Amino acid sequence: MTAARLGRESCPTDCSAKAWELFCAAANGHTSAVRSIVQKNPEFVHQFVWYESPLHFAVRENQIEVARVLIEAGINPAFSNFNYRSWQSLLSITKERCFDALHRLLVREMKNRFDYDPGYAPLWQAITAGEVERVKELIDASPELGRIGDEHGNRAIHWAILARRIPIIELLLDCGVDINAKRADLQSPLHLALVGDYWFGKKNSPDPETSSQQIADFIRNSGADHEFSVAVAFNDIEHVRSELARNSGLANEINSSRRSPLYFGSSRGHLEMVQLLLESGADPNLAEHCASRGRALFEASSRNDVEMMSLLLAHAADANANVDSCGNCLSIAQQGGPREAEAIALLTKHGALAGEWEIDTKEKLSKALDSTSFIPNRDIWSSVLGKIIEEDSVDLLEEYVARFGYDDIVRLNPANGRRLPRSKEMLTKLVELGTNINARDWYGRTFLHHASYGESLAIPEFLIEAGIDIDAIDHQSATTALGLAAWKGNVAMVDLLLDANADPLLPLDRHWARPFAYAKAQGHDKVVERLRRYETN
């Protein structure tokens with residue numbers, strides 16, 4: 001069994017080496033190191049790796065003392081760009097793995113921060129269904145229901161906003177619910193009405209007769225705090241001008257939802273407002289939620305709002321700014337809008353380039369490599385190198401190495417997971433060029449872990465022949481490649497790994513992560529039958 005500890009060799013390309021030390025110390029249970037790191041660099045508690053915080057890494061390994069230190073340091077998993085990798089994902093881990101003490105610690109902290117109570121479900125169901133009388137009945141019987149939160153810190157007022165139920169919002173306000181109550185991610189009800197949620201309009205059965213703008217207007221007119229960015233969103237230009245005259249720094253003030261005034265102005269098409277902000281010193285490249293180089297130009301580009309785009313570009317907005325998992329200004333402008341050609345021409349004039357994620361054919365890959373101006377993205381997941389591996393082009397791989405050297409090949413790890421080599425030839429070439437067959441990604445997963453998800457047996461067979469550690473245990477699922485194949489219900493893969501002498505009883509100390517347990521939990525009866533005899537013996 002090889003349950004390797006996290007180390008600097010698996011540091012993701014989008015995380016600094018110093019910040020990665022915190023993730024490693026958290027996973028490995030080095031409490032004193034965690035305390036020292038957060039004292040020296042308190043901002044590291046807000047660092048995320050693929051939407052997960054250092055607390056996720058501690059929780060997966062049941063490091064309760066580390067979790068306490070991180071919580072005391074103010075860590076907030078709800079600041080993840082992917083909101084649904086937040087507190088509720090931590091609770092799921094502790095439930096599945098029977099980490100009872102750690103589960104209690106998390107629940108206690110969630111209660112302290114946003115009044116979490118698992119008894120929220122009946123009220124949430126009534127609100128999303130628009131059942132005004134049922135909501136009144138529940139709150140009359142238990143007034144505290146109006147204040148409790150779900151795993152995201154949503155209270156009754158937030159659910160009503162997401163469901164666009166004005167009569168229920170009125171009822172809640174009459175019952176004394178706080179109109180400015182913040183969720184776990186610090187969005188207020190008005191923020192939520194203005195910018196929505198990750199599944200806004202899908203999960204919460206919104207009233208089709210009511211728009212989000214109507215909800216925002218209603219909340220604002222009902223007495224919600226009229227902060228600076230809200231005034232920008234509602235195009236209250238005289239108020240904004242007055243506030244800027246008093247304090248020009250407001251032009252760059254990120255509000256509690258982690259969004260800039262320029263975002264609110266640009267996303268709503270308020271050209272004169274955006275001009276006022278820019279003239280007052282607003283930075284269009286100021287880092288904000290999901291956008292390390294600002295989001296104002298991206299929002300304008302999404303509408304092909306050429307006038308707004310021109311104004312922002314004239315104030316040095318980055319034409320290559322991107323939004324997490326949403327593309328960049330150029331890609332979002334190419335959505336068939338009436339002024340698409342103008343928008344693309346304007347962005348291109350200011351140096352906008354296609355993202356590497358759009359280079360998705362051998363022809364495009366070859367063209368990119370031939371370009372003298374091409375500089376590869378070092379993030380393997382979305383890079384040209386990852387695409388070359390996915391396209392299974394050994395010729396292009398050799399061309400890449402000839403131009404950019406061996407470094408990217410040597411440091412290649414399974415972070416490119418879904419871009420596994422498709423042939424023995426490609427995998428052989430990678431190994432020849434320096435790829436470590438037993439390299440692990442930041443979850444401790446090997447190439448074999450990732451291959452065990454797939455249907456093809458050729459790559460796992462070659463990996464085993466090449467000497468990969470067949471019993472390596474990862475950090476994310478605390479299991480082996482056999483465990484992941486069992487979780488997936490991949491009978492042929494399970495048989496292959498068993499025939500290659502994979503140990504079906506690993507990990508020894510975590511029965512819930514064994515192949516048999518995963519197959520049983522997922523209802524994969526054929527796999528369960530194959531593995532039952534090992535558990536019995």
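Every number in this text was worked out from the coordinates using simple rules, so none of it is lab data. Note that the structure is predicted; figures quoted are calculated from it, not measured. Cβ placement follows ideal geometry from the backbone for every residue including glycine, while neighbour counts extend to all protein chains displayed.
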Exercise for review: Kindly put ILE254, ILE359 in sequence by how many other C-beta atoms sit within 10 Å of each C-beta, fewest to most.
Suggested key: ILE254, ILE359
Practice item. Rank by packing, highest mean first: peptides 66-77, 503-514, 175-186, with packing defined as the count of other Cβ atoms within 10 Å averaged across residues. Key: 66-77, 175-186, 503-514
Study note, to complete from the structure: Summing +1 per Lys or Arg and -1 per Asp or Glu among the other residues with Cβ less than 11 Å from PRO167's Cβ gives -2
Review point. Rounded, prolate or oblate: which one fits the range 119-221, using the alpha carbon gyration tensor with axes a ≥ b ≥ c (rounded when a/c is under 1.5, else prolate when a/b beats b/c, else oblate)?
Key: rounded
Review point. Can you give the relative contact order of the chain as a percent, counting alpha carbon pairs under 8 Å and 6+ residues apart?
Key: 9 percent
Study note, to complete from the structure: In order over the range 41-53: 3J(HN,Hα) from phi, Karplus 6.51/-1.76/1.60, θ = phi - 60°, whole Hz, x for each Gly or Pro, gives 9, x, 5, 5, 5, 9, 7, 10, 10, 6, 6, 10, 8
Practice item. For a footprinting-style exposure proxy, rank SER266, SER257, SER212, SER325 by other Cβ within 10 Å, fewest first. Key: SER325, SER212, SER257, SER266
**Study point:** Options (1) 26; (2) 30; (3) 41 - which one matches percent of Cα pairs over 42 Å apart as calculated here
**Key:** (2)
Check your understanding: Under a point spin-label approximation (7 Å from Cα along Cα-to-Cβ), what is the SER205-ARG532 distance to one decimal in nm?
Key -> 4.1 nm
**Study point:** Backbone HN-Hα couplings from phi across the range 125-140 [Karplus 6.51/-1.76/1.60, Hz, Gly and Pro as x]
**Key:** 4, 5, 5, 5, 7, x, 8, 4, 5, 5, 4, 4, 4, 5, 6, 4
Exercise for review: Filter the GluC sites (Glu not before Pro) in the range 431-480 down to the DSSP loop ones having no more than 16 other Cβ atoms within 10 Å, then list what survives.
Suggested key: GLU455
Practice item. Work out from phi, with θ = phi - 60° and the Karplus expression 6.51 cos²θ - 1.76 cosθ + 1.60, the ³J(HN,Hα) of each residue of the range 80-97, listed in order in whole Hz, and give x for Gly and Pro. Key: 4, 4, 9, 4, 8, 10, 10, 4, 5, 5, 5, 4, 4, 4, 5, 5, 4, 9
Practice item. Counting other Cβ atoms within 10 Å, keep those with at most 14, restrict to DSSP loop, and tell me which GluC sites (Glu not before Pro) in the range 124-209 are left. Key: GLU209
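For ASP174 and ARG104, what does the FRET efficiency come to when R0 = 35 Å and r is the distance between their Cβ atoms, rounded to the nearest 0.05?
0.45
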Exercise for review: Using amide H atoms built 1.01 Å from N in the peptide plane, name the residues 5+ places from TYR116, or on other chains, whose amide H lies under 5 Å from its own.
Suggested key: LYS111, GLY149
Review point. Using modelled amide H (1.01 Å from N, peptide plane; none on Pro or chain starts), what sits under 5 Å from the amide H of ARG164, excluding residues fewer than 5 places away?
Key: ASP207
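Taking the beta-carbon count within 10 Å as an exposure proxy, list SER280, SER423 from fewest neighbours to most.
SER423, SER280
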Point to revise | Residues in the range 211-231 that a label on GLU272 would reach, taking backbone N under 18 Å of a point 7 Å out along Cα→Cβ | key: 231
Point to revise | Residue-span extension gain [SER366 to ILE437] - 0.36 nm each, minus C-alpha spacing | key: 22.9 nm
